[in-house]
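Engineer: Here's a structure for you.
Each reported figure results from applying straightforward, stated rules to the coordinates on display, with no laboratory input. Note that the structure is a prediction, hence the values are computed from the model and not measured. Every residue, glycine as well, gets a Cβ built from its backbone with ideal geometry; the counts of neighbours run over all protein chains shown.
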Amino acid sequence: MNMMVDMRPFEEERFKSLLELARGKFDQSITDPETQVLVHSAAGYPLPTPSDTAPRLPVRSEFLRWLLTDAEAAQNVDPKGVRIWSALVSDPLDLQGCTIPHQVYLLGCVFEGPLAMFASDIKGLYIMGGVLNQGLLADSINVRGPVFIKHVKSLGGIHLVGSDIGRNLDMTATETRLPAWHWYWTAQGYGAAFSCMTVSGLPAR
């Protein structure tokens, strides 16, 4: 997707602030795909899910961790949240125990390492399309809004044991590969295993 999009003046100011903060944190070494993440997160225009043939461009996990958790950066993120579009994340993204004050959209991304969100606190989580090569490790996560994990291929497990999801859980058309001993109970027939999870105040066992 072309980074030259029509941004409203206040969105341009948000983007410039995010870019300045990122350059200060990472010694000016912000790549074009990382700049694209800042553009998408500073503005509120619609973003489609990338096609299967769209290129997945490398984005550093340490850059994403900073953007998702930094208090100063948070002041310049659009209310829609942090939106990561068609990225390739090679290293593990470790968000264990982190407070993430935004909704997070992972749109058509490929994670080669584990996506670790153990015991994190997040406003909402949307993983739409893409591949999780080592799965989602999110036991005891607290999500104040919904969790959408749709049309995702997870080659590891999707772990949500002990999680608290404030809204709905939707795993439409998501595929996951697990050893047989990982299967406890299938929520709503979506094809993933959970144990002792709370969704919208209702326990799932």
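Engineer: Whole-Hz Karplus ³J(HN,Hα) for the stretch 96-103, in order, using 6.51 cos²θ - 1.76 cosθ + 1.60 and θ = phi - 60°, x for Gly and Pro?
Structural biologist: Each residue's phi maps through the Karplus curve to give 4, x, 7, 9, 10, x, 10, 6 Hz.
Engineer: Taking a cut-off of 21 Å between Cα atoms, list the lysines near K80, but don't count ones fewer than 8 places away on the same chain.
Structural biologist: Cα-Cα hits under 21 Å: K16, K123, K150.
Engineer: Residue by residue through the stretch 146-155, what is 3J(HN,Hα) from phi via Karplus (6.51 cos²θ - 1.76 cosθ + 1.60, θ = phi - 60°)? Round to whole Hz and write x for glycine and proline.
Structural biologist: Result, ordered by residue: x, 10, 10, 10, 10, 6, 9, 9, 10, 7 Hz.
Engineer: Can you list the residues of the stretch 108-149 with backbone N under 19 Å from a point 7 Å past the Cα of D170, pointing along Cα to Cβ?
Structural biologist: From the stretch 108-149, the list is 108-109, 123-131, 143-149.
Engineer: For D91 and R8, FRET efficiency with R0 = 35 Å and r from the beta-carbon atoms, rounded to 0.05?
Structural biologist: Step by step, r from the Cβ atoms, then E = 0.55.
Engineer: Whose amide H sits under 5 Å from the amide H of V110, counting only residues 5 or more places off or on another chain, with H placed in the peptide plane?
Structural biologist: Counting only residues 5 or more places away or on other chains, the set is A87, L88, V89, V131.
Engineer: Still on this structure, please answer the following. So what J values fall out for the stretch 27-43 if you push phi through Karplus, 6.51 cos²θ - 1.76 cosθ + 1.60 with θ = phi - 60°, rounded to Hz, Gly and Pro as x?
Structural biologist: 6, 6, 8, 9, 7, 4, x, 6, 4, 4, 4, 5, 4, 5, 8, 7, 10
Engineer: Mind checking the full-extension length gain between N142 and F26? Use 0.36 nm per residue of separation minus the Cα-Cα distance, one decimal, nm.
Structural biologist: 38.8 nm
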